[in-house]
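This report refers to the structure that appears directly beneath it.
The values are calculated or read from the model by the stated rules, or taken from the named source; none is laboratory data. Nothing here was measured: the structure is a model prediction, and the numbers come from that model. Cβ placement follows ideal geometry from the backbone for every residue including glycine, while neighbour counts extend to all protein chains displayed. Note: areas computed on protein heavy atoms with side chains; ligands, DNA, RNA excluded. Shrake-Rupley method; radii C 1.70, N 1.55, O 1.52, S 1.80 Å.
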Amino acid sequence: MNRKVKKDFFWLCLPLGVIIGLILKLFVIDFLSISGHSMEPTLNNGESVIVFKLAYGIPKPFRTTFFIQWSEPDRNDIVIYLHDNKIVVKRCAGIAGDTLDFSTDSGYSLKVNKHYVELSAQQYAKMKTYSKIPEGYVLALGDNPSDSIDSRDYGFVSVKNITGKVLCNE
């Protein structure tokens, strides 16, 4: 290959590589840095994670919905979604139809899938009317409940707003 052909090949491949990279970033895979302590000890503040955006469907770029959705999160998936214009990373503690058992014996608590979560009086008041997680929603909780703002505070998360699944961390 002569020098001119190599140079032309390079200038042809460069824009193609940029386009492929952009498509991958918008629709397939993303890298996020964890900010905060709500998912400790699983994910620590400052840690980087790989997010698979095609886990549940083809997301619309810069939106919280899908072009096509083919799956919903499973219990214990670590998912990402947008809440108050921030990307949030939480664990899917319960899915549609899961039973919610509330207790007021010694403080307020919630049992979902053999997992107990303490609730404040305000959180209990917001959630006590539900006996099951509604269709089309999940219960998203931080692994560090004492330092997490999650479904206990703002309610169930629509599966249509969950735009990715955390695959692994550094």
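Observations on the model:
- Bridgeable aspartates and glutamates around LYS160 (alpha carbons under 12 Å apart, same-chain partners fewer than 8 residues away excluded): GLU72, GLU135.
- Restricting the calculation to Cα atoms, segment 89-170 shows an Rg/Rh of 0.96 when the hydrodynamic-style radius is the Kirkwood one.
- Sorting 117-127, 97-107 by average packing, meaning the other beta carbons within 10 Å per residue, from highest down gives 117-127, 97-107.
- Overall form of the chain per C-alpha gyration tensor (a/c, 1.5; a/b vs b/c): prolate
- Model label points for ILE58 and PHE102, set 7 angstrom from Cα along the Cα-to-Cβ axis, are 4.2 nm apart.
- Dipole magnitude (debye, nearest 20) for segment 1-153, charges at Cβ of Lys, Arg, Asp, Glu: 960 debye
- Across q = 0.21, 0.34 Å⁻¹, segment 104-145 modelled as identical point scatterers on its alpha-carbon atoms has Debye log10 I(q)/I(0) values of -0.76, -1.42, in the order of the q list.
- Per residue, the Cα convex hull of segment 69-118 amounts to 106 Å³.
- Acute angle (nearest 10 degrees) that the helix 3-23 long axis makes with the longest principal axis of the chain, alpha-carbon atoms: 20 degrees
- Ordered from highest to lowest accessible area with the whole protein assembly present and a 1.4 Å probe, LYS160, LYS132 read as LYS160, LYS132.
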